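The values are calculated or read from the model by the stated rules, or taken from the named source; none is laboratory data. None of the values given here were measured: they were computed from a predicted structure. A quick note on method: Cβ atoms are made from the backbone with ideal geometry, for glycine too, and the neighbour counts reach across all protein chains shown. Heads up: the accessible areas ignore ligands, DNA and RNA and are worked out on the full protein's heavy atoms, side chains in. Shrake-Rupley method; radii C 1.70, N 1.55, O 1.52, S 1.80 Å.
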Amino acid sequence: MRIVVLAGGIGGARFLRGLKRAVPDAEVTVIGNTGDDIHLFGLKVCPDLDTVMYTLGGGINEEQGWGRTDETFHLKEELAAYGVGPEWFGLGDRDFATHIVRTQMLGAGYPLSAVTEALCDRWKPGVRLIPMTDDRVETHVAVTLPDAAGEGERKAIHFQEYWVRLRASVPAEAVVPVGAEHAKPAPGVLEAIGEADVILFPPSNPVVSVGTILAVPGIREAIADAGVPVVGLSPIVGDAPVRGMADKVLAAVGVESSAAAVAEHYGSGLLDGWLVDTVDAGCVERVEAAGIRCRAVPLMMTDVDAVARMAGEALTLAEEVRAV
Ligand code: GDP
Ligand code: CA
């Protein structure tokens, strides 16, 4: 079975670990979000790709969900002693090595997809991890911040500045994947979609993870035209994100924070099936009225076995869709 998964960071990575347990023999291709990428200290940092790679490769900090296990922060302290920031982005010593290798290879002329493959030679994530594009795409968020005079000033800031530094504490007025309209899918992305037996949207952020991947011209169309079941799992449970601030970026695109609204946002042109948590069983009818087959099952990723059951439910729903 060939499965394609569009993944952000933590939600995508944890889902993938359960999927691997549910169907160990499946050939899984992960199309990773690179809109969160940021240049720091002259280094190219790809937080979502690394979260997937570390999680599946056994190097993740489990409690945090991102960054390396057994991490130290000497380099960051030394940089701070020189007054060199940003101090709000947590890069540990072990993690730095990944970004140094990546930046060195990019500097030598390798595309990000080839660099990611090389990094995965070490981590052996058990999936084929491909960045959505080799081109530069950076998610920016429009916000209004007080200026020196105490007046509101509207500006666009990098997604990481909004998410990590500001902790989404001000409303997101717009979310823009800068550069996406000219980006090309990375080599292998459209091929994997074309050859897939099933396509899954894990419980990743619908706007700044899955939405950014779908913003790369060609990807959304390829999925819609693939002719195979496309099934998603809701990251919204009980009208709130399970973790993080997805409600803030959903508001920016005019979508209410509910499992049903996210399904409608993707739409029946893209999604064939949608899983909501059992607490949201009341919205199954609304999702089905939108032309998307829907089931309510436990969607809390408490441990790998629970996630494997979620993945199994998604594949069962895919088979139901295929049979229609
Ligand atoms: P990020 O890039 O690290 O933010 O990760 P993703 O975009 O892949 O996933 C973030 C989403 O995962 C958030 O919107 C959360 O609501 C969702 N999420 C995290 N843990 C769980 C869980 O246990 N169950 C479900 N259904 N969603 C989860
Ligand atoms: Ca992310």
So the carbon and sulfur contribution to the accessible area of segment 211-324, 1.4 Å probe, in percent, is 51 percent
Going by the alpha-carbon gyration tensor, a ≥ b ≥ c the square roots of its eigenvalues, is segment 277-324 rounded (a/c under 1.5) or, if a/c is not under 1.5, prolate (a/b greater than b/c) versus oblate? oblate
Along the charge dipole of the chain, pointing to its positive end and built from +1/-1 on Cβ of Lys, Arg, Asp and Glu, which listed residue (Gly254, Val176, Gly152) has its Cα farthest out? Val176
Work out the FRET efficiency for Glu320 and Gln64 from their Cβ-Cβ distance, taking R0 = 45 Å, and round it to the nearest 0.05. 0.80
Stretched out fully, how many nm does the piece from Val253 to Trp88 gain, at 0.36 nm a residue minus the Cα gap? 56.7 nm
Peptides ranked, highest mean first, by Cβ atoms within 10 Å: ranges 71-83, 204-216: 204-216, 71-83
Running a GNM on the chain with Cα contacts under 10 Å, which residue among Arg128, Arg286, Arg14 ends up with the highest mean-square fluctuation? Arg286
Would you mind telling me which residue in Pro171, Pro111, Pro24 has the biggest mean-square fluctuation in a Gaussian network model of the chain, where springs connect alpha carbons within a distance under 10 angstrom? Pro24
What's the local net charge at Pro146, with K and R +1, D and E -1, over the other residues with C-beta under 12 Å away? -1
Run a plain Debye calculation on segment 1-146 (Cα atoms as equal point scatterers, no solvent) and give log10 I(q)/I(0) at q = 0.11, 0.18 Å⁻¹, rounded to two decimals, same order as the q list. -0.43, -1.09
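Subtracting the Cα-Cα distance from 0.36 nm times the residue separation, let me have the gained length for Lys184 to Leu40 in nm, one decimal. Before the final figure, lay out the partial values.
Values: separation 144, 0.36 × 144 = 51.84 nm, distance 2.42 nm.
Length difference between fully extended and current span is 49.4 nm.
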Report the normalised scattering of segment 211-324 as log10 I(q)/I(0) at q = 0.14, 0.20 Å⁻¹, calculated by the Debye formula with identical scatterers on the alpha carbons. -0.57, -1.17
Calculate, for Glu221 and Thr72, the FRET efficiency according to 1/(1 + (r/R0)^6) with r their C-beta to C-beta distance and R0 56 Å; round to the nearest 0.05. 0.80
Taking one equal scatterer on every alpha-carbon of segment 7-77, how large is log10 of I(q)/I(0) by Debye at q = 0.15, 0.26 1/Å? -0.54, -1.22
Here the net charge surrounding Ile219, from other residues whose Cβ is less than 13 Å away from its Cβ (Lys, Arg +1; Asp, Glu -1), is -3
On the principal axes of its Cα set, how long, how wide and how thick is segment 116-203? Give whole Å, largest value first. 55, 28, 24
Provide the gained length on full extension for the span Asp303 to Arg136, in nm with one decimal, where the gain is 0.36 nm per separating residue minus the Cα-Cα distance. 56.7 nm
Using the Cα atoms of the chain to build a convex hull, what is its mean projected area in square nanometres? 16.6 nm²
Where the chain is the region considered: accessible area per residue in Å², 1.4 Å probe: 42 Å²
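Write down Rg/Rh for segment 69-111, rounded to two decimals, with Rg from the C-alpha atoms and Rh from the Kirkwood relation over Cα pairs. Don't jump to the answer; show the numbers that get you there.
Values: Rg = 12.1 Å, Rh = 11.5 Å.
Result for segment 69-111 is an Rg/Rh of 1.06.
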Carbon + sulfur, % of accessible area of segment 38-131 - ligands and nucleic acids excluded, 1.4 Å: 54 percent
